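The values are calculated or read from the model by the stated rules, or taken from the named source; none is laboratory data. Owing to the predicted nature of the structure, the values given are computational and were not obtained by experimental measurement. Here the Cβ positions follow ideal geometry from the backbone for every residue, glycine too, while neighbour counts run over all protein chains shown. These accessible areas exclude ligands, DNA and RNA; they are computed on the full protein's heavy atoms, side chains included. Shrake-Rupley method; radii C 1.70, N 1.55, O 1.52, S 1.80 Å.
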Amino acid sequence: MKNVLTKRHLKMLFCLALVASATLLIPSCKKGTPVDIPVLPEPEPQSTWKTDSVSYQIGNQVFAGLPDFSGLSSIMNGGYRMKYFDKPDAGRKAYRTFGSTGRGWYSPIDSIYFACGTYFRINGSNEFKIAFAKGFHTKDMKKYGSFYFPADTRKMLPKGRLTFATDFENTNAKEGVAISVGAFGRTGMPESAFENSVDKYSQEDAMFEIRKTEQIDEDHYRVEAIFEINLYDAGGNKNRLKNGYIRFTVQKTWWGGYFYNGL
């Protein structure tokens, strides 16, 4: 009897010892005892600012650059839908004349061809130039000093595909985007080549598409776009630009004027 009881009790005692050991490993916590909970620091807010930039490929070469000045850094007020006249014409303003007779290129006095743009340094020079152009009646614009501005330049930059201003800095009848890339050429006619036909500078198989617009803060509006275009050099040769990407900022104010007045 003694041997039987010993075996059974030894087994039970061994099990109780295991339970007691496990219980000792569990910390006791009385009601109301404070427990320290680690406080994680709040994450730093991510900056919404991104540098203006451009990148693209021509042939096997890939190019990238930054602007001299962030934001749109140039504007133009030009003649809109200019036509050639042998002498001054009533109701029109001369923008380019030849000789004393007044023959030259004229545009309606109540219209302005407004363009805004920026420059990007490529390989150390301002090689990439982009402008956005549109014709306006002066009554729909605001004048600051000697320059006319649209009420809201952001409306010239809607999401989606833009047309190409292939006669930019010429007769200025086409609206949209104009791009110049150094010796590779332009998306349209050479500057002041009034007698040329825009048909030579086709962009039918090209595209410039604004993918994203964002109001960063009250004073800055960001635009991001992709593009694939034809460039025509001084000899009329076509160079294909591919994989184009651009990010630029429209700032609220410009020297002496406003690209937009409110949100």
Quick calc, region 106-236, dipole around Cα centre from Cβ unit charges on Lys, Arg (+) and Asp, Glu (-), nearest 20 debye, gives 300 debye
For Arg247, solvent-accessible area (1.4 Å; no DNA, RNA or ligand), Å²:
40 Å²
Region 53-181 - charge dipole about Cα centre, Lys and Arg +1 at Cβ, Asp and Glu -1, debye rounded to 20
320 debye
Selected from Gly160, Asn123, Gly145, residue furthest toward positive end of dipole (region 104-179; charges at beta carbon)
Gly160
With every protein chain kept in place and a 1.4 Å probe, the residues Arg81, Arg96, Arg222 fall, from largest accessible area down, as Arg81, Arg96, Arg222
In the structure shown, of Lys93/Lys142; Lys159/Lys252; Lys50/Lys155; Lys83/Lys139; Lys93/Lys242, the pairs separated by more than 28 angstrom at the C-alpha atoms are Lys93/Lys242
For His220, what accessible surface area do you get with a 1.4 Å probe? Give it in Å², rounded to 10.
50 Å²
